Structure formats: C-alpha cells, structure tokens
1. Would you confirm whether any residue within the stretch 74-84 is in contact (Cβ under 8 Å) with a residue 12 or more places away in the chain and over 30 Å from Ser46 (Cα atoms)?
2. Residue check, Gly83 against (1) in contact with a Ser or Thr (Cβ under 8 Å, 6 or more places away or on another chain); (2) at pLDDT 95 or above, all met but one. Which one?
3. Just one of Tyr130, Tyr92 is open to solvent by 80 Å² or more (accessible area, probe 1.4 Å) and either at pLDDT 95 or above or hydroxyl-bearing (Ser, Thr, Tyr) (or both); which is it?
4. List the pairs whose first member sits in the stretch 123-148 and is farther than 18 Å from Ile75 by Cβ, whose second member is open to solvent by less than 60 Å² (accessible area, probe 1.4 Å), and whose Cβ atoms are under 6 Å apart, counting only residues at least 6 apart or on separate chains?
5. Have a look at Val106, Val144, Val138, Val120 and point out the one that is within 21 Å of Phe67 (Cβ to Cβ) and under 14 Å from the mean Cα position of the chain (by Cα).
6. Is it true that Ile114 is within 25 Å of Glu39 (Cα to Cα) and either among the aromatic types (Phe, Trp, Tyr) or part of a helix (DSSP H, G or I) (or both)?
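The values are calculated or read from the model by the stated rules, or taken from the named source; none is laboratory data. Please read these numbers as outputs of a predicted model, since none were measured by experiment. Cβ coordinates were reconstructed from backbone atoms using ideal geometry, including for glycine residues, and neighbour counts include every protein chain displayed. Accessible surface areas use protein heavy atoms only, side chains included; no ligands, DNA or RNA. Shrake-Rupley method; radii C 1.70, N 1.55, O 1.52, S 1.80 Å.
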Amino acid sequence: YGENSTQYETALKDVKNEIMDSSTSRKIYTTGLSQGAYELNSVTPSDFLLVSLLSAAIVLIILLFTFKKFKLSVILMLVIESGIWINLSLVYFASMTNPANKINFVAYLIVTAIELGATVDYAIMLTTKYLEEKKAGVKSVQSVKNAINRAAPSITTSACILIGVCACVHLIT
C-alpha cells in the first residue's frame, strides 16, 4: 500500500500481531514507506504537541523582547497561533472531505514553520507601524488604517511569493 493510504496501517497491524508477536525465535523487522509512515503516525503526535507549545513560548519571548509589553505580546501571540491553527485546520478538514487533499506530514511541518516565521514577522511589522502612528498622535482607527497601508506592500509581496512557490510545489508533486 502507498504511504498515503489508510489501508497500510491495518496491514501492518495484522503483520505485527500475527507474525511478529508470535515469533519468539527470531527478530523480524519491517521496512519501507508504509512502515515509515506508520511510525511517523504513532510517534510524532506527542512530539508535535511539544514543539507547538515550545514555539508558542518562544514567539511570546520574542514579542516580549520586541515590544516590552506583556499584554500586547500575549494578545499578538494568541492571534498568531490562532491564525496558524485556523489555516492548518482548513487543510485538515479539506483532507477529510477528499482524501486526495491529504498533506504529507513533512510538508505540514515545513508549511507550519514557514507560516509561523512569516506571521511573527508581519505581526511585529504591523504592530510597530501602528505604535509609530499612535506615538505621532494619530487616533486609533486611523492608526490602524495607516499601519495597514504602510505594511501592505511588504506583506502582499511575500504572500504572492509564498503562494507561487506552494502552487509550483503542488503542481510538481
């Protein structure tokens, strides 16, 4: 079975239960893409949770060093993490409706890392521009509009590059 098939899990469990557990005289090992995918599915959830929690803590520390305001840093960290969670949950739900849309685990990790880095960068840029506007005496609503107008070209350029690269990778793979 292919590594993206759910049938490989059933087949591997049967092999492990019927053959490997009953064989006491010799050690039996399974290899291949299916075994690798099976091990990734069984080992990585706890590791992924730990990495997600650590990355959220590191983002909070970076925001604290950048803005030196606890409340603002916590709000930004929650917005950043929520945005990433919402974006990746869309991929998850799309894969439930159509298994062909299932994302490879390694690709999932890469996308998450890139998205986290970009989102933190843009949150810092946008918030810095907003605080500059507020410091200049501009009212809150106008400060938000000005900050968005000032940050939009950089964010749009990077977003178009990321979209283009992801589209090319999707078409190639």
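1. no
2. (2)
3. Unique residue meeting the criteria: Tyr92.
4. Asn146/Glu133
5. Among Val106, Val144, Val138, Val120, only Val120 is within 21 Å of Phe67 (Cβ to Cβ) and under 14 Å from the mean Cα position of the chain (by Cα).
6. Yes, satisfied.
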